[in-house]
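Q: Here it is: the structure, laid out below.
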């Protein structure tokens, strides 16, 4: 609506060449995902490889989050399925899980020895701080995708802040937040879409009652 | 540390995690309290420290956070336990997600699905800010390394927003700074 840069929000420029390319890409991004894979996935799939636009990423992630199961696993499944069907879904999920699983089991098996070294504990802290920075940067980037949202800036801000406070301050269980605020957002968006469609229908039905000015920009009522 | 379980109990673990899978809305971590109740309190297969260690290891290692689940299974019953736990927690949710995402993809332009993606977007952004805040919180609370850690967090965010550098290099810098005691 408010004409943001279309190249960055609508269609993604690239796509994976094969299920193997998916597997490799998801393995690489999963192995970089210290303290969570989401930020790295956004970085690799949207910013670097261009397989998804920012908006597509947020939409898929919103769905992945509302469904049961690990969010990034659901996300990889959806992306893989979208390009290569079931084969792609399996390639993406195995990429996401296989290499990190081997690493974490090796760590679990050798944990007792490693824990003695203070440098190891320090390195883990440093990696944790970087993980926090990656997530915060990702959240800042996601803000831009709300610009064209049908809810409008006030409702978007209210829902976003309510989510942030519920999780970070009041520590409400995630499932309640996602169900409660998610359903609120869904209902509000249905209401706004209905309002908008009704307004569009009105302008289409009575086009000849005193046109006040030539239509600026595009005409929403054009059938086609 | 590595135990084994008879096949019948392994199957029970698998079935219990199958049911937990469909409850794990918002991520596998949301079922951690229930897993704790089952593995530590109800069955006594793990001690408190084992449980915490599994979560800490999965957080520290690369990859999805759900990998704390196979680590729990590994602590209970070795590799067979890891496989039972991971397959259990993933199978139902994965099949459901595949079905729902295919259903939604063919109805992308209907008002219901459009309202869903539009209405969920601000919640998703809020959740992401919350995740960043919760990850940063332990560093803010620790006065000895606060300046270094906050500097590293800010530097990472700036580099991410303004360059196309792969996260791997930032993580390597973080690990080095931490190993040297700067963070």
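Residue by residue, here is whether (1) surrounded by fewer than 21 Cβ atoms within 10 Å (Cβ to Cβ); (2) touching a strand residue (DSSP E or B) at 6+ places or on another chain (Cβ under 9 Å); (3) facing chain B (nearest Cβ under 9 Å) holds:
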| position | (1), (2), (3) |
| --- | --- |
| A:58 | no, no, yes |
| A:64 | no, no, yes |
| A:68 | no, yes, yes |
| A:86 | yes, no, yes |
| A:89 | no, no, yes |
| A:113 | yes, no, no |
| A:121 | yes, no, yes |
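Q: Considering region B:8-50 alone, what residues qualify as being on the phi > 0 side of the Ramachandran plot and over 15 Å from the mean Cα position of the chain (by Cα)?
A: B:44
Q: Now for a different question. Among the residues of region A:102-110, are any surrounded by fewer than 24 Cβ atoms within 10 Å (Cβ to Cβ), in contact with a strand residue (DSSP E or B) (Cβ under 7 Å, 6 or more places away or on another chain) and at the interface with chain B (Cβ under 7 Å from one of its Cβ atoms)?
A: yes
Q: Can I ask one more? I'd like the residue in region B:1-22 that is surrounded by fewer than 16 Cβ atoms within 10 Å (Cβ to Cβ) and assigned to a loop (DSSP other than H, G, I, E, B) and, out of all such residues, is modelled with the highest pLDDT.
A: Selected residue: B:6.
The values are calculated or read from the model by the stated rules, or taken from the named source; none is laboratory data. Just so you know, these numbers come straight off a predicted model, no measurement behind them. Here Cβ is always computed from backbone atoms with ideal geometry, including for glycine, and neighbour counts include all displayed protein chains.
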